Amino acid sequence: MGPVIQDMPQINPRSQPRWDRFERADLFEQYRELRTQGISERQAAKELKVPRTTLQAWRRWHDTLDMCPHVADFFQRGPGLAFFHRLVIAFQLVCVEVGACGMRLVCLFLHLTGLNRFVAASYGAQQQVNLHVEQALVTYDHDETARLASGMPHKDLTVTQDETCTGGLCLITMDPESNCILVEQLAQARDQTPWDALMAPALAPLKCRVIQSTSDEAPGLLASVEHYLEAHHSPDFFHVQHELVKAVSGPMATKERAITCVHGHEECRHCHGSYWMYQWHCFIQHIADGQSPDAFFASLPHPDIAAGNL
């Protein structure tokens, strides 16, 4: 990644600085060496092919830095600037992309460390830096997928699929074994056509076949799994549990409300919660043993008997 940090945000986004940060650091170091040799500012400007007013502005900026001169000299030379560039990019990657801390904490870090003297630390400026970081991540993902897919062995995949609505509708497909995101793309709809259109280029370079998809019961997603992927569909655990709760919570709540605890109202509230959780675990075990829900409800104790056991 090339240099993306600038001294200050550009007022006109179409205007570009004449020298990037590394060229400026090298020119300023040469200028200081020429001045120590007794060469005049005008002669140094002519030799370096830099306007004299520009060299004067660089010198005034350097002389007004409110920090240790050795630190200022380090960050104004090529090696120090390269280290500083790596530091800002790494902090953006770790805190914004990996840690999801947000851009404002990056700005706060630059202010507290005094590094805002060398790089624009406003939200807008760092947002532009983050844009370059995200573009580099997308490019890396594209290049590495093509490189690694060529040597990939044939494999059968079980994928998990879902749609999110944060910042717009986004269709997502992941390989849960490797945590690899196969599809993460904004879409206008979530019917079968967008799913098919996104899964095709995602699977094309890979030597794999989707044999199973785990997701909710969205009709478009089910149609894509059945007709395009020609794979088996398994419902995710959340929706299975949700349907079970809807089926059993009514009958269990009816019996629970009928219980009268002999120890008073407050104790009764505590007992109701414990009783419900106990019976819920019993129901899950009952279903796991292959028994029917009706048989479980028939086995529940009468409210009077349950009250006597509390």
13 Å beta-carbon shell around E226, net charge (K/R +1, D/E -1):
-3
Test of understanding: what is the full-extension gain from A57 to L93, defined as 0.36 nm times their sequence separation minus their Cα-Cα distance?
9.7 nm
In segment 153-223, what trypsin sites (Lys or Arg not before Pro) fall in a loop by DSSP, with at most 15 other Cβ atoms inside 10 Å?
K207
How long is the gain from D191 to H281 if the chain were fully straight, where each residue apart is worth 0.36 nm and the alpha carbon distance is subtracted?
28.7 nm
In what sequence, highest mean first, do 52-58, 138-144 appear when ranked by Cβ atoms within 10 angstrom?
52-58, 138-144
Neighbour-count order for H281, H132, fewest beta carbons within 10 angstrom listed first
H281, H132
Using a Förster distance of 41 Å, how high is the FRET efficiency between A218 and M152, based on the Cβ-Cβ distance and rounded to 0.05?
0.90
Using a Förster radius of 30 Å, what is the FRET efficiency between W19 and V138 based on their Cβ-Cβ separation? Nearest 0.05, please.
0.60
Straight-line reach from K207: which aspartates and glutamates have a Cα under 19 Å away, not including same-chain ones fewer than 8 places off?
D141, D143, E144, D156, D175, E177, D196, E230
Gain upon complete extension [D289, L112; 0.36 nm per residue less C-alpha separation]:
57.6 nm
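Taken together, the values in this text are just the output of simple stated rules run on the coordinates, not laboratory data. Quick caveat, the model's predicted, so the values are computed rather than measured. When we count neighbours, we look across all protein chains shown, and the Cβ atoms used for this are built from the backbone with ideal geometry, even at glycine.
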